[in-house]
Structures are given as structure tokens and as C-alpha cells.
Amino acid sequence: MKALFATSEIAPWVKTGGLGDVAAALPPALRALGCDVRVLVPRYPALRAAFPAAEHLVHLPWMGGHLPGADVYVAQPEGSFPFLLLDCPMLYDRPGNPYLGPEGHDWLDNHLRFGLLSRVAARLASTATPLDWRPDVLHCHDWQTGLAPYYLRFHESGGAASVVTIHNLAFQGVFPPQLLDELALTGADWHMEGVEYYGLISFLKAGLRHADALTTVSPTYAREIQTDTEGMGMQGLLRARADRLTGILNGIDDAVWNPALDPHIAMRYDRDHLDAKRRNKIALQREMGLAERDDCPLFGVVSRLTHQKGLDLVAEIGAALVGLPAQLAVLGSGDRALEAAFRELAERHPGQVAVTIGYSDPLAHRIEAGADCFLMPSRFEPCGLNQMYSLAYGTPPLVRATGGLADTVTNYTPAGLADGSANGFVCQAATAEAILGTAGSAAALWQDKAGWRQLQRNAMAGDFRWAGPARQYLELYASLRPA
Ligand code: ADP
Ligand code: GLC
């Protein structure tokens, strides 16, 4: 089985969220099962720097509209998988975030940046590929590669079966209809069964309509996105294609997110040596400027600061949280107003609330290891990786009952604690009061040292490795390949 991944992010070089982690960790898990996976990704500056000796494979001439000519390079790091780097300096040789310019606004040519990525993915998966390697399956991720199955079917010669994985339905790749010809599309593509979506072009809609199979990143989210309340406008289409849609829970990379191996944390530990976790708490308190208390729990947050994540509700109850008593350590960036709200909270509660606005992978690891309880009260969450990292780090998460959070976290009850099923705290409503109430239960159990230790051990007993999900993807690929 040969599969081509097409993605706009890949950790650790280009990552704004979980998509980058998945694009880096799922391919090796598939390769371990014998699937030959290669990954097509734009040659951003970080990848140019990481693979200076990448080998030139092929030049692709102008692809119509405003889609410029481009080159494909290949790099295969020792022990890893082949990266196909899509080189087009005028579109990709820009520093920073892959979607936003320095002012925090979308790049004006994102339709071309990801239109070209989609078109090249389709070409390489087609019978007309210029490479001597042709995939059986083209696996696309999110809107950025959503046009690829459409191009493959209607503007290339066809070839591979196609899969679109929805990592987040909130991002739909929507552009004004005037850009149709820039994407080498015509009036013939402009209809409900084509790229048209409520009078606009949507990359994601075209992919969801025409891919051979659709997946999303948890079983609960797969159900939620077919409902009027959570379907974000795509529910009708998703219901119509329900027989093609499956939810496959993400995994975690246990070489990277593993407290027994983690090079970023003060002291390594495992399920049988949880006392060392206390050293990580003290180190985190020192690093972030929190008082070195051990008479109350420390809640941790690592997140994009957006409406999705429900952290505005945490900022709202900040004072009450501190009064439980508890401490709060936040690492995140995003929404400017929310960044300001957390900064203010830290100023009002010095020693009790510490906030780092920014993006830091090492600090993310130290919060997972040093916090007692991880806060993730998302309004919606396709899968969520951080709650799984928290489980692996013996940092029981407090989550809201939605999407992948509902599929991975089981609420504390005395019976669940005893039979091993409870591994965290689940809050039903997305309200400040509900979150505070659940945080109160967590803080109370934390005071019961034996009970808390049992909850940590339950959390760490879970198996969230990629091997299981990779097998499900491989079965899906096999079901698509013509017999
Ligand atoms: P999403 O993809 O919606 O942002 P996930 O939980 O799936 O949510 O994945 C988020 C990933 O991004 C995790 O690996 C998390 O550690 C990382 N992350 C998010 N914000 C930051 C930050 N400010 N600093 C470091 N890592 C972050
Ligand atoms: C998205 C989702 C997140 C998911 C990640 C990886 O960014 O918001 O829930 O874990 O993709 O699939």
C-alpha cells in the first residue's frame, strides 16, 4: 500500500496546532505496518533550513490560472520517511506562521498557496504523475488540501483513491468567487456539486463532496458534525455522505510525549515513580514565578487562545479559582483580548497566576509534567491532543464533554476511581459556573493524596499510542483500493 499525505503543517518545523503533530506521527506509525507513506508539504523556510541537501526531483510547469510553476524536492531524514517538499519561493518562502502575515491577518494569496499545494498533490496522485512512484491513496488534511480530491477527479487524469480528514470543521477555506479563474477553475466548477458553497468558494466543501472517504479525528466529533448545532454549515453534506465518514481517534507520539524520556523536564518519571512529579511542580513554579506552595493544586493550560478552547470562561473565574485555593499556569497565544485578560489576571494575583503569552514547545512539556491538573474546557474539540499528553504525564485533565475530549476522559467518581475507569474530570456545560464547580471537585480530590495518586495511575494506564489508529487508517485505505 502506497499513500501520499498532503499537509500544510508538520511538527516540529511548521506547527500551529495538532495537525502538525498528526502529520509527523501518523506516517511513521503507518510505515511500521508496511504502508509506504510519503508526505507532501510546502518548502517553508524552516524546512528549507532543516533539509539543505534535499534532492531535486522534478519541475512542474505552470498549472493554469495563477498557479505558478513549482519544483518538488525530496528529503529523507535518517530513520524517518520521505518528505516531498513543494518549492515555490514566491508563495512559500516567508517566515513565521503558515497562514498569517506579521500583522496577524491571513496572507492575501492563501488561495494560491494552498490551491497550488492541492493541485500538485492531485497531479502526483494521478496517472499522469511525473514521478516514478504513484500512490494508491491520496490522504488530504483539512481545507488546505481540500481541493486536491476535486482537482484529481475533474482536472487531472484520476488515479489514486482520496481521503479527506477533518481536523477542524471551523476552518473551511472560503474565498470570494472572483478567485475562481486564479485557481484554474471555470464556470463549469461553479455549482452546488462543485466548489460553490453559499455563494463562495470552499476548498473543504469540494473535498468533502468528492473524496472517496472522509474521516475525522474522533468518533464523537464524527457524530457531532452531522448535527445542525455542530455542523458549521456542512451538516447536510456530511449527513448525505455519512456512509463514507468515520471517526478515528488520534494517537500520541510516545517518543515525544513521554515523561520517562522527556529531555525538557526537571526530573523524569513513570507510573511507578510519581513522587518525582513534585520536583517538576517546584521547577515549574520557579520558572514561571509562582509561589512554591504545595498546599493546593496547580492547574495548567497550554493552548491556542481562541473561542473554541473555552478559556475565556477560565479567565472569567480566575479569582474564584485562586480562592479554591489553587494556582494557575497558562501558556498560549492567539486572540489579543484573551491574551490581555490572562495578563491582567496574573497581575492581579502575583504568585498565584502565571501567564506566558507565546509559543514554546519545551515549556509546554514542563507544564504537562509540573501541573497537577490540566484545564481544557473546549466548546468543541475534534480530538484534542493535550488532554492525552496530560493523561500520559499523570496530570489528570479537566475537560468539557465534547468531541475527542468525551472519547478520552472519564469523569471521576469514587466507583470509577476504584475500578480504574476514571481518569480525570468532565464538565457538562460550557459555562463559567460549571467549570468552577468541576475545578472545585478536582481541588477537593487533590487534597486526598491517596485518591489523587490513584487517579494519576488510572490516567497513565491508558494506551493512546498511534499503532491502533494507524491500523484503522490502513484498513480504510485497503477498502478503497480497487481489488
Ligand atoms: P489544536 O490543534 O486545536 O490547537 P490540539 O490539542 O490537538 O489542539 O493540539 C495542540 C498542539 O499545539 C499541542 O501539541 C500543544 O502542545 C501545542 N500548542 C498549542 N499552543 C501552544 C503554545 N502556546 N506553546 C506550545 N505548544 C502549543
Ligand atoms: C485540530 C483540532 C484538534 C485536533 C487536531 C489534530 O486542530 O482542533 O482537536 O486534535 O486538529 O487532529
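Quick notes
- Principal axis analysis of the Cα atoms in the stretch 274-460 yields extents of 43, 33, 29 Å, listed in decreasing size.
- Between Ala240 and Ala319, the simple spin-label model (points 7 angstrom out along Cα→Cβ) gives 5.2 nm.
- Ignoring the sites themselves, the chain has its longest run without chymotrypsin sites (Phe, Trp or Tyr not before Pro) in a DSSP loop having at most 13 other Cβ atoms within 10 Å at 199-483.
- Solution diffusion estimate, µm²/s, Stokes-Einstein, the chain, Kirkwood Rh from C-alpha pairs, 25 °C, viscosity 0.890 mPa s: 106
- Estimated from the Cβ-Cβ distance and a Förster radius of 35 angstrom, the FRET efficiency linking Asp71 and Ala337 is about 0.25.
- Inter-probe distance in nm under a simple model that places probes 7 Å from Cα toward Cβ, at Asp295 and Trp62: 7.5
- The relative contact order of the chain comes to 12 percent, based on Cα pairs under 8 Å that sit 6 or more residues apart.
- Percent antiparallel among DSSP beta bridges (both partners in the stretch 257-358, rounded to 5): 0
- Inverse of mean 1/r across different Cα pairs in the stretch 350-483, Kirkwood, Å: 16.1
- Dmax and Rg, reported as Rg then Dmax, of the stretch 1-69 (C-alpha, Å): 13.9, 40
- Full-stretch length increase - Glu347, Ala46 - with 0.36 nm per residue and alpha-carbon distance subtracted: 104.8 nm
- Ranking Gly358, Ala161, Gln144 by how far each Cα lies toward the positive end of the dipole of the chain (charges on Cβ) leaves Ala161 at the top.
- Dimensions (Å) - the stretch 49-112, Cα atoms, principal axes, largest first: 37, 28, 16
- Percent RCO, i.e. relative contact order, over the stretch 274-460, from Cα pairs under 8 Å lying at least 6 residues apart: 22
- Just the protein heavy atoms count here, and of the accessible area of the stretch 274-460 at 1.4 Å, carbon and sulfur take up 52 percent.
- Probe 1.4 Å, accessible area per residue of the chain, Å²: 38
- FRET efficiency, 1/(1 + (r/R0)^6) with R0 51 Å, evaluated for Arg278 and Glu103 via beta carbons: 0.75
- Applying a DSSP loop filter and a limit of 12 other Cβ atoms within 10 Å to the GluC sites (Glu not before Pro) in the stretch 1-99 leaves Glu78.
- Percent of C-alpha pairs per 5 Å bin in the stretch 291-345, short distances first: 5, 19, 33, 22, 14, 7, 1.
- The chain, helix-only ellipticity at 222 nm - DSSP H runs n ≥ 4, -39,500 (n - 2.57), divided by all residues, nearest 500: -10500 deg cm²/dmol
- Inter-probe distance in nm under a simple model that places probes 7 Å from Cα toward Cβ, at Ser441 and Glu287: 3.1
- Centre separation in Å (Cα based) which lies between the stretch 436-478 and the stretch 145-212: 37
The values are calculated or read from the model by the stated rules, or taken from the named source; none is laboratory data. Quick caveat: nothing in here was measured; it's all calculated off a predicted structure. Don't worry about glycine lacking a Cβ; one is built from the backbone with ideal geometry, like all the others, and counts go over all protein chains shown. The area values use the complete protein model at the heavy-atom level, side chains included, leaving out ligands, DNA and RNA. Shrake-Rupley method; radii C 1.70, N 1.55, O 1.52, S 1.80 Å.
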